[in-house]
Amino acid sequence: MRVITGGIPNIPGNSVYEQMKYLEENDDQIRLLMLREPRGYLPLCCNLIVPAKDERAKDGYIIMEQTEYPLMSGGNTISVATVLLETGMIPMEEPVTRFNLEAPVGLIGIEAFCENGKVKGVRFKNQPAFAVHLDKIIDVPHIGKVKVDVAWGGMFYVIADYKQFKKIERYKDLELTPDKGDMICEVEALILKAAHE
């Protein structure tokens, strides 16, 4: 995951969330430059370090992915914390460095485990996750009625137990194994489209 540590002009906004929305709605060129060909590739993410607006945070960061600006991402948070510490932008204290970062979603508590000037591991306290729907039945074309949970944990997720599809002839051999990746992707795409609708 890429982390841009400087060289970006001031971004309007009174919070990191407002800055993220400004980029999303008015100035998407950094995301496109960093993530699209020839500089980027499909699974790549990029983070932009910005001054924190919340006085409890050491720094802020805006997450940029291929199609969106997520409010929160665990992997991106770990990358940002690592870069901030290993470049000295935030002083490292061994064996553990604790600080807050401001993500678009709000304050994220960081606990970084450090040794010999390197970050060996990062834990973070995220904003609270919550369920929007539990055991919600949605009608999925080509599959039928599907039971899902919808939860927020940095972004919204639709969660379905794969075992419910095994009663459908086409998916009777469905397992969560690499060799069934095509079938998993097919079911996932159908569920996601129905959930959006």
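Taking only Cα atoms and a 10 Å spring cutoff, compute GNM fluctuations for the chain and point out the largest among K167, K147, K58.
Residue with maximal mean-square fluctuation among K167, K147, K58: K167.
Please report the spacing between the Cα centers of the stretch 65-112 and the stretch 119-143 in Å, no decimals.
Using only Cα atoms, the two centres lie 21 Å from each other.
Measuring from label point to label point, each 7 Å out along Cα→Cβ, what is the N14 to K167 span in nm?
Label at N14, label at K167, 5.3 nm between them.
Provide the percentage of antiparallel DSSP beta bridges, counting only those with both residues in the stretch 1-114; round to the nearest 5. It would help to have the intermediate numbers written out before the result.
On the way: 13 of 18 bridges.
Roughly 70 percent of the DSSP beta bridges within the stretch 1-114 come out antiparallel.
May I ask for the net charge around E68, where only other residues with Cβ less than 11 Å from the Cβ of E68 are counted and Lys, Arg are +1 while Asp, Glu are -1?
The answer is -2.
What does the extension gain come out to for E175 and V132, with contour length at 0.36 nm per residue minus their alpha carbon separation? Walk me through the intermediate numbers first.
Working: separation 43, 0.36 × 43 = 15.48 nm, distance 2.69 nm.
Result for the pair: 12.8 nm of gain on full extension.
Report the residue, chosen from M64, M34, M89, that carries the largest GNM mean-square fluctuation when the chain is represented by alpha-carbon nodes joined by springs under 10 Å.
Among M64, M34, M89, the largest mean-square fluctuation in the Gaussian network model of the chain belongs to M89.
So if each residue of separation counts as 0.36 nm, and I subtract the Cα-Cα distance between R36 and K193, what length gain in nm does that give?
Values: separation 157, 0.36 × 157 = 56.52 nm, distance 2.46 nm.
Separation in residues times 0.36 nm, less the Cα-Cα distance, equals 54.1 nm.
Kindly express, to the nearest 10 degrees and within the range 0 to 90, the angle between helix 181-196's C-alpha long axis and the longest C-alpha principal axis of the chain.
80
For the pair Y157 and K120, what calculated FRET efficiency results from E = 1/(1 + (r/R0)^6), where r is the Cβ-Cβ distance and R0 = 35 Å, to the nearest 0.05? The partial results should precede the final answer.
Numbers: r = 29 Å, r/R0 = 0.82.
It comes out at approximately 0.75.
As a footprinting exposure proxy, order V150, V96, V187 by other Cβ within 10 Å, with the fewest listed first. Walk me through the numbers on the way to the answer.
Details: V150 15, V96 12, V187 21.
Result, fewest neighbours first: V96, V150, V187.
Select from E169, E55, E111 the residue whose mean-square fluctuation is largest in a Gaussian network model of the chain (Cα-Cα springs shorter than 10 Å).
E169
Using a Cα-Cα cut-off of under 30 Å, which lysines could be cross-linked to K118, ignoring same-chain neighbours fewer than 8 residues away?
K53, K58
Beyond 31 Å between alpha-carbons counts as too far, so tell me which of K136/K172; K125/K166; K167/K193 fall in that bin.
On the way: K136/K172 22 Å; K125/K166 37 Å; K167/K193 21 Å.
Pairs exceeding 31 Å: K125/K166.
Each value in this text was obtained by applying a stated rule to the coordinates, not by laboratory testing. Here the structure is a predicted model, which is why all the values come from computation and not from measurement. Backbone-built Cβ (ideal geometry, glycine too); neighbour counts: all protein chains shown.
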